[in-house]
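> The structure under discussion is supplied below as structure tokens; questions concerning it will follow.
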């Protein structure tokens, strides 16, 4: 029940709304309800800041400016985009391949990273080994026919992946597929490149290693200022590695569903022959076409730099909070452990009800024991409001 641990004072009217939030959350499974679902089911709530969805809002604005000038300014172009089929998967891969430095034959374009995850697991795995806590589709998509084993990450060690312990765990599990997310969701831990390569070198006998780099743009790594951050080069060194990339987080375009995976060419061919030939919308194809334009890349990297400054300022502020434990992060969100006897679900609900700030309560995250919130980092004015709301409700 949402009304559990609770030293926070709650009025009778607030309690009624909290119960509605609990019911809505229960219907949403292991994912947070969408903003539309919240406002439809609970009209007395006004969401002012979405600090649940993990995106770069500056990149959303950048995409919107291009889309306005290129598409919405030309009604006939927009109509054709809606009326006609988009290009086939491999044609879009041809356009994207140059921008990310990958052979098009090794590039699988996906309707969001979750489609790529599902396709990989269902076609190339029988037993997956995951770190917990982690992004839930990696175990939700497995189904009863695929075995799952776990490597538990320790919050007392900031969810660090110990390379030797991890490799031993994978080999002892007997899994044919290992999953590494870096930075990881929900804790934001980045596996150093040297550790990652050492791990991959010890797991060459596995059929598949999935390396999910969906949050890599937000991490501090030695990437040239003129290049998009990535770890795609590891697919040239290890032929059993598949890199998964969501475009929703760093480019702020979750609504158009765009992602990709880099894998051996024969696997791409197999997927395209089994239902993934036309899996991308016309709007998503337009987004991928922007990668052909040097000015878009330059502007995006500038906005990414600005946004990373917002992340740094936010995490500096939370490091000074003495009422919660805010974990260090290499992503655009921060995991926060609640004080003793404070329910994360109640804290999240009251942030929404009292301040219009929507955050993620992590009580349904497998392998995450305790009371945790995950807070997305937004624009500077929004971050100020989010931090103030957390102080008010939790502090």
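The values are calculated or read from the model by the stated rules, or taken from the named source; none is laboratory data. Predicted model only: the values in this text are computed from it and were never measured. In this analysis, Cβ positions are derived from the backbone assuming ideal geometry, glycine residues included, and neighbour counts consider all displayed protein chains.
> Here are some conditions: (1) free of Cβ contacts under 8 Å to residues at least 12 places away in the same chain; (2) touching a strand residue (DSSP E or B) at 6+ places or on another chain (Cβ under 6 Å). Residue 320 meets all but one. Which one does it not meet?
(2)
> On the given criteria, is residue 206 assigned to a helix (DSSP H, G or I) and farther than 22 Å from residue 300 by Cα?
no
> Going by what's in this entry, would residue 196 be described as touching a residue at least 60 places away in the same chain (Cβ under 8 Å), surrounded by 16 or more Cβ atoms within 10 Å (Cβ to Cβ) and either out of contact with any strand residue (DSSP E or B) (no Cβ under 8 Å at 6 or more places or on another chain) or assigned to a helix (DSSP H, G or I) (or both)?
Values: touching a residue at least 60 places away in the same chain (Cβ under 8 Å): no; surrounded by 16 or more Cβ atoms within 10 Å (Cβ to Cβ): yes; either out of contact with any strand residue (DSSP E or B) (no Cβ under 8 Å at 6 or more places or on another chain) or assigned to a helix (DSSP H, G or I) (or both): yes.
When the stated conditions are applied, residue 196 does not pass them.
> From (1) within 20 Å of residue 229 (Cα to Cα); (2) more than 20 Å from the chain's Cα centre (by Cα); (3) at pLDDT below 95, pick out the condition that doesn't hold for residue 195.
Checking residue 195 against (1) within 20 Å of residue 229 (Cα to Cα); (2) more than 20 Å from the chain's Cα centre (by Cα); (3) at pLDDT below 95, the one that fails is (3).
> Further question on the same structure: In region 131-156, how many residues are under 22 Å from the mean Cα position of the chain (by Cα) and either assigned to a helix (DSSP H, G or I) or in contact (Cβ under 8 Å) with a residue 24 or more places away in the chain (or both)? Working first, answer last.
To start, the set of residues in region 131-156 that are under 22 Å from the mean Cα position of the chain (by Cα) comprises 131-143, 148-155.
Retained after the next criterion (residues that are either assigned to a helix (DSSP H, G or I) or in contact (Cβ under 8 Å) with a residue 24 or more places away in the chain (or both)): 131-141, 149-150, 152-153, 155.
Residues that pass the stated criteria total 16.
> Shifting gears a bit: Among (1) crowded, with 22+ Cβ neighbours inside 10 Å; (2) closer than 25 Å to residue 212 by Cβ, there is one condition residue 330 misses while meeting the rest; what is its number?
(1)
To keep it simple, each residue is scored yes or no on (1) over 30 Å from residue 344 (Cβ atoms); (2) not in a loop (DSSP other than H, G, I, E, B).
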position	(1), (2)
19	no, yes
26	no, yes
37	no, yes
68	yes, yes
77	yes, yes
80	yes, yes
85	yes, no
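> Further, regarding this structure: So in region 255-274, with the set limited to residues that are over 12 Å from residue 93 (Cβ atoms) and under 25 Å from the mean Cα position of the chain (by Cα), which one is surrounded by the fewest Cβ atoms within 10 Å (Cβ to Cβ)? Walk me through it before giving the result.
Step one: list which residues in region 255-274 are over 12 Å from residue 93 (Cβ atoms), which gives 255-259, 264, 266-267, 270, 273-274.
Still in the list and also under 25 Å from the mean Cα position of the chain (by Cα): 255-259, 264, 267.
Details: 255: 10, 256: 20, 257: 21, 258: 27, 259: 23, 264: 17, 267: 18.
Per the criteria, the residue is 255.
> Taking region 368-395 only, how many residues are surrounded by 16 or more Cβ atoms within 10 Å (Cβ to Cβ) and in a helix (DSSP H, G or I)?
The qualifying residues number 8.
> Out of region 233-246, which residues are closer than 30 Å to residue 379 by Cβ and either touching a helix residue (DSSP H, G or I) at 6+ places or on another chain (Cβ under 6 Å) or without any contact (Cβ under 8 Å) to a residue 60 or more places away in the chain (or both)? Don't jump to the end; show me each part of the working.
We begin by selecting, within region 233-246, every residue closer than 30 Å to residue 379 by Cβ; these are 243-246.
The answer is 243, 244, 246.
> In this structure, does residue 187 turn out to be outside any helix (DSSP H, G or I), touching a residue at least 60 places away in the same chain (Cβ under 8 Å), out of contact with any helix residue (DSSP H, G or I) (no Cβ under 6 Å at 6 or more places or on another chain) and surrounded by fewer than 21 Cβ atoms within 10 Å (Cβ to Cβ)? Break it down into steps so the answer makes sense when it comes.
Numbers: outside any helix (DSSP H, G or I): yes; touching a residue at least 60 places away in the same chain (Cβ under 8 Å): yes; out of contact with any helix residue (DSSP H, G or I) (no Cβ under 6 Å at 6 or more places or on another chain): yes; surrounded by fewer than 21 Cβ atoms within 10 Å (Cβ to Cβ): no.
No.
> Give the residue, chosen from 78, 108, that is buried (at least 16 other Cβ atoms within 10 Å of the Cβ) and not assigned by TED's automatic domain parsing to the domain that holds residue 247.
Numbers: 108 fails: not assigned by TED's automatic domain parsing to the domain that holds residue 247.
So the residue among 78, 108 that is buried (at least 16 other Cβ atoms within 10 Å of the Cβ) and not assigned by TED's automatic domain parsing to the domain that holds residue 247 is 78.
> So which residues in region 87-97 are in a helix (DSSP H, G or I) and within 27 Å of residue 72 (Cβ to Cβ), if there are any at all? Before you say what the answer is, go through the steps one by one.
First pass over region 87-97, keeping only residues in a helix (DSSP H, G or I): 89-97.
Correct list: 89, 91, 92, 93, 94, 95, 96.
> To continue, here is another question. Taking region 218-254, which residues are in a loop (DSSP other than H, G, I, E, B), farther than 18 Å from residue 303 by Cα and modelled with pLDDT of 90 or more?
238, 239, 240
> Moving on to the next point. Hey, which of the helices (runs of 4 or more DSSP H) in region 278-367, taking only ones fully inside, have at least 2 residues that are at pLDDT below 95 and within 22 Å of residue 45 (Cβ to Cβ)?
On the way: elements: 282-289, 294-319, 344-355.
Those helices (runs of 4 or more DSSP H) span 344-355.
> Hey, another quick one. So which residues in region 255-273 are part of a loop (DSSP other than H, G, I, E, B) and touching a residue at least 24 places away in the same chain (Cβ under 8 Å), if there are any at all? It would help to see each step written out before you state the result.
So in region 255-273, the residues part of a loop (DSSP other than H, G, I, E, B) come out as 257-258, 263-264, 273.
Passing the criteria: 257, 258, 263, 264.
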